[in-house]
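Remarks on the structure that follows.
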Amino acid sequence: MRVLVTGGAGFLGSHLCDRLIAEGHEVICLDSLLTGRADNIAHLQRHPRFTFIQHDITHPFFIAERVDWVLHFASPASPKDYGAHPIHTLKVGALGTYHMLGLAKAHGAKFLLASTSEVYGDPEVHPQPESYWGHVNPIGERSCYDEAKRFAEALTMAYWRQHGIDVRIIRIFNTVGPRMRIDDGRVFPNFITQALKGEPLTVYGDGSQTRSFCYVDDLIEGVMQVMAWTPPEGADELARVFNLGNPEEVTILELAHLVKEVTGSRSPIVFRPLPKDDPKQRRPDITKAKNFLGWQPRTSLREAVERTLPYFRHMLGLSEQKGGN
Ligand code: UDP
């Protein structure tokens, strides 16, 4: 198949490109490189079935060759990144999704929207099933991302209803692994970088807020299974939406202690102000993915930290042996 991956030079997008190439597909990778990195796909550049096109999908994109799947992953995704580019984030979610749905319609391609657990906002239902409508502040600092993705979901479903495009939506919960940008401001790269450099680990608030972290390989496996799955005849819109994430929930303070333990770091833990609208709890209910796809994550959080450490050491120019004291 020929597969178009938007955001293909990003953290998740580049792992997805690897997986598609490994399965024998032809991959066209679009990325504006606003938050994606050419380094993430450097190893694929000479591959005969891989094409990289630097393009900002807030502008239309046309392609003559037939496309079978459109996997739409482009968007700034860390609070620091979308906070720095709020208007562009809204344009990618709205115009970018519109252009990619138009492309999928023109080619009769299957379309996947990479949505987010952020559509649930600061949830009042815990854990979050796909049927939960969410609790989002429409004018808050996170709204540029949350509402962009909510609009993208609505547009995706409109193309399914009006044009019969074969769509799927995945709501991705916090995912970690190699190729995360070390300066994207998220808690996982922050803590690991701080621990390895012997700097204080910055816990925002009192660290009692929770998150659930999924290792990237598990997530990519979930994406492939969602694409391979066919919704039952006559199924409603909810059938096309899947939470993908690891239900192993930890407080941010527990994560700080775990990172210190695994890295053997003697860094102190310091407390900093909690950003506005920071969700207090987040854990996916993955019953649906388990029942329909037989999918569930295999990698524990401890293993995820261990498996990501060599990458962060490399990015920081530290040798394998050196701890972070
Ligand atoms: N956080 C933290 N220290 C940091 C970075 C983030 O305590 O150096 C907290 C943040 O306030 C949030 C959680 O860790 O409660 C996860 O934040 P992240 O930016 O990774 O992503 P989010 O899940 O909020 O989108």
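We did not get these values from a lab; they are worked out from the coordinates using the rules stated. Not measured: the values here are computed from a predicted model. Every residue, glycine among them, receives a Cβ derived from its backbone with ideal geometry; neighbour counts consider all protein chains shown.
Angle between the Cα long axis of helix 143-163 and the longest principal axis of the chain, 0 to 90 degrees, nearest 10?
Result, in degrees: 20.
Using the Karplus equation 6.51 cos²θ - 1.76 cosθ + 1.60 (θ = phi - 60°), what ³J(HN,Hα) coupling, rounded to whole Hz, does each residue of region 82-93 give in order, writing x for Gly and Pro?
Per-residue couplings from phi come out as 6, x, 7, 10, x, 6, 5, 4, 5, 5, 5, x Hz.
Report for region 166-290 the percent antiparallel among DSSP-assigned beta bridges with both residues inside it, nearest 5. Provide the component values of the computation, followed by the final result.
On the way: 3 of 13 bridges.
Bridges in region 166-290 that DSSP calls antiparallel: roughly 25 percent.
So for region 124-186, what percent of the C-alpha to C-alpha distances run longer than 13 Å?
Working: 1463 of 1953 pairs.
Result for the distance tail: 75 percent.
ALA239 to ARG46: FRET efficiency via 1/(1 + (r/R0)^6), r the Cβ-Cβ distance, R0 45 Å, to the nearest 0.05? Mind dumping the intermediate values first?
Numbers: r = 40 Å, r/R0 = 0.90.
Plugging the Cβ-Cβ distance into 1/(1 + (r/R0)^6) gives 0.65.
Indicate the gyration tensor shape class of region 147-218 (rounded, prolate or oblate), computed on the Cα atoms with a ≥ b ≥ c the square roots of the eigenvalues: a/c under 1.5 is rounded; otherwise a/b larger than b/c is prolate and the rest oblate. Working shown, then result.
On the way: a/c = 3.43, a/b = 2.54, b/c = 1.35.
The shape class here is prolate.
Evaluate the charge dipole of the chain about its Cα centre and quote only its size in Debye, nearest 20, assuming +1 on the Cβ of each Lys and Arg and -1 on the Cβ of each Asp and Glu.
Numbers: 36 positive and 38 negative charges, 91 e Å.
Roughly 440 debye, rounded to the nearest 20.
When you take every Cα atom in region 59-180, what is the radius of gyration, and what is Dmax, the widest Cα pair distance, in Å?
Every Cα atom of region 59-180 included, Rg and Dmax give 14.7, 46 Å.
What is the Cα radius of gyration of region 120-276 over 2.2 N^0.38 Å, N being its residue count? Could the numbers behind the result be given before it?
Numbers: Rg = 18.3 Å, N = 157, 2.2 N^0.38 = 15.0 Å.
That works out to 1.22 for region 120-276.
What is the packing order of peptides 65-71, 127-133, 7-13, taking the mean over residues of other C-beta atoms within 10 Å and listing the highest first? Walk me through the intermediate numbers first.
Values: 65-71: 18.4, 127-133: 16.7, 7-13: 27.1.
Sorting 65-71, 127-133, 7-13 by mean packing, highest first, produces 7-13, 65-71, 127-133.
If R0 is 51 Å, what FRET efficiency do you get for GLU306 and VAL125 from their C-beta distance, rounded to 0.05?
Between GLU306 and VAL125 the formula returns 0.95.
Sorted from largest to smallest, which semi-axis lengths in Å does the alpha carbon gyration tensor of region 82-146 give for its equivalent ellipsoid, taking the root of 5 times each eigenvalue?
Details: eigenvalues 125, 63, 10 Å².
Taking √(5λ) for each Cα gyration eigenvalue gives 25, 18, 7 Å.
In nm, to one decimal, how far is the LYS197 label point from the ASP39 one, both placed 7 Å along Cα→Cβ?
About 1.4 nm separates the two model spin labels.
Once R0 is set to 30 Å, what does the formula 1/(1 + (r/R0)^6) return for the Cβ-Cβ distance between ASP68 and ALA158, expressed as a FRET efficiency to the nearest 0.05?
Working: r = 22 Å, r/R0 = 0.73.
Efficiency computed from Cβ-Cβ geometry: 0.85.
Peptides 267-275, 204-212: what's the order by average Cβ count within 10 Å, highest mean first? Display every interim value, and only then the final one.
On the way: 267-275: 13.4, 204-212: 17.3.
Per-residue Cβ counts within 10 Å, averaged per peptide and sorted highest first, yield 204-212, 267-275.
Relative to the longest principal Cα axis of the chain, at what angle does helix 252-263 sit, 0 to 90 degrees, rounded to 10?
Helix 252-263 sits at roughly 70 degrees to that axis.
Expressed as a fraction of 2.2 N^0.38 Å, the rule-of-thumb size for a compact globular protein of N residues, what is the C-alpha radius of gyration of the chain?
Values: Rg = 19.1 Å, N = 325, 2.2 N^0.38 = 19.8 Å.
Ratio of Cα Rg to 2.2 N^0.38 Å: 0.97.
Magnitude of the Cβ-charge dipole of region 1-128, K/R +1 and D/E -1, about the Cα centre, nearest 20 debye? Spell out each step's value before the answer.
Values: 10 positive and 12 negative charges, 75 e Å.
Roughly 360 debye for region 1-128.
Going toward the positive end of the dipole of the chain, with +1 on Lys and Arg Cβ and -1 on Asp and Glu Cβ, which of PHE52, LEU71, GLY8 do you reach last?
My answer, from the dipole projection, is PHE52.
On a straight-distance basis, which lysines could pair with LYS149 in a cross-link, Cα separation under 25 angstrom, same-chain partners fewer than 8 positions away excluded?
The reachable lysines, counting only those whose Cα sits under 25 Å from LYS149, are LYS80, LYS91, LYS105, LYS110, LYS276, LYS280, LYS288, LYS290.
Dipole of region 155-220, Cα-centred, from +1 at each Lys and Arg C-beta and -1 at each Asp and Glu C-beta, to the nearest 20 debye? Can you show the working numbers first?
Numbers: 8 positive and 7 negative charges, 42 e Å.
Value, rounded to 20: 200 debye.
Determine Rg/Rh for region 1-106; Rg is computed over alpha-carbon atoms and Rh is the Kirkwood hydrodynamic estimate from the same atoms. Display every interim value, and only then the final one.
Working: Rg = 13.1 Å, Rh = 13.7 Å.
The Rg/Rh ratio comes out at 0.96.
Rounded to the nearest 500, what is the 222 nm mean residue ellipticity of the chain from helices alone, with -39500 (n - 2.57) per DSSP H run of 4+ residues and division by all residues?
Working: 10 runs with 114 residues, N = 325.
It lands at -10500 deg cm²/dmol.
Could you give the nm distance between label points at LYS276 and LEU316, where each point is 7 Å from its Cα heading toward the beta carbon?
According to this spin-label approximation, the distance is 3.2 nm.
To the nearest 10 degrees, how steep is helix 216-228 against the longest Cα principal axis of the chain, on a 0 to 90 scale?
Tilt of helix 216-228: around 20 degrees.
For region 265-325 and region 160-231, what is the separation of their Cα centres, given in Å?
Here the answer is 9 Å between Cα centres.
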